[in-house]
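Step one of this worksheet: look at the structure below.
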Amino acid sequence: MDKKRAIRYALYKFLMTTVGAIIYAAGIGLFLDPMNLSAGGVAGVSQILSEFLPISTGTLILVLNVPILLLGVWKFGVKFLGLTAYTIVLSSPLIDLFASFGGLTKEPLLAALAGGALLGAGMGFLFRSGSSSGGVDIITKVLRLRFPHIKTGVIFFVLDAVIIGASAFVFGKLDLGLYATVGILASTFVMNYLLYGSDEARMVYIISNEPQAVANELLQKLNLGGTFLNGFGAYTGKEKRVLMCVMRPKQLPAAREVVASIDPSAFLIVAGVSAVFGEGFKSHNAEEL
């Protein structure tokens, strides 16, 4: 990578980290904290501790993150510390600033949904930029090293469930715990969508009497490539060429129309694919989040 591209890439990561930190702080400060809804993670622990200590939630987040940051440096190096430390230093005072407005809604369900969605979006941006909000984010990335097959959002949900349970106990209201769970579900959904949604695809097997014509039309009209597989009809006893295509979900309806226009009797098998690596999809060198 040349110097100019390296500078542009660094600025891009810095901008994405800044946006992610602001969105993350807004979710907690404008919606969750004013309603005593647990944000999960270190933020959730800080919310609980702030009930017993004369220290604001944002300040506690900053203090509790220090030992966890040291764990991050040990596992991911000083480079990881830079963006994450910047995120924590930026988001912590912003949480207190946003919370000083008193919250944007007094309806707990709306606060849980809006706050959870913003929280998930913020963490999604941070993870995409190679940063994190510290705390459980770092612990999650460490666990992903050991269990790479488990999605980031799932690990977050399990850890946050424990913290939400503690929060409901401390604040003495089961309703708050249930609303906080709704927020964490919203956060998990949004974060998983930002981190993994673009990798979703459909694998389509097309069994047609006009396989070459179908392949040509898909390539010309939809820019969809494919691979021919050798097949053998169990009933007819004849050899067949099976066309296998991988496409985005939004391309499937158009692909079906193309196939039907050429061979209405064609047989299509559609399977969901969680990730695709290669040209037009995810890079083989992409970071596992």
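Those residues that are of a type in the set (D, E, K, R) and part of a helix (DSSP H, G or I), I need them from the range 238-272; list them, please.
Going residue by residue through the range 238-272, those that are of a type in the set (D, E, K, R) are 238-241, 248, 250, 256-257, 263.
The answer is Lys250, Arg256, Glu257.
Of the residues that make up the range 205-212, is at least one closer than 24 Å to Ala254 by Cα, part of a helix (DSSP H, G or I), of a type in the set (D, E, K, R) and not assigned by TED's automatic domain parsing to the domain that holds Gly72?
no
If you scan the range 219-257, which residues turn out to be β-branched (Val, Ile, Thr) and in contact with a Leu (Cβ under 6 Å, 6 or more places away or on another chain)?
Result: Val242, single match.
Would you please name the residue that is surrounded by the most Cβ atoms within 10 Å (Cβ to Cβ), looking only at residues in the range 218-237 that are assigned to a helix (DSSP H, G or I) and touching a helix residue (DSSP H, G or I) at 6+ places or on another chain (Cβ under 9 Å)?
Leu218
So which residues in the range 162-188 are crowded, with 16+ Cβ neighbours inside 10 Å, touching a Gly at 6+ places or on another chain (Cβ under 9 Å) and either hydrophobic (A, V, I, L, M, F, W, C) or not assigned by TED's automatic domain parsing to the domain that holds Arg128 (or both)?
Ile163, Ile164, Ala168, Phe171, Ala180, Val182, Ile184, Leu185, Ala186
Look at the range 15-51 and say how many of its residues are touching a residue at least 40 places away in the same chain (Cβ under 8 Å) and under 20 Å from Thr84 (Cβ atoms).
Selection size over the range 15-51: 21.
The values are calculated or read from the model by the stated rules, or taken from the named source; none is laboratory data. Bear in mind the structure is a predicted one, so any value in this text is a computation, not a measurement. Glycine also receives a Cβ, built like all others from the backbone with ideal geometry; neighbour counts cover every protein chain displayed.
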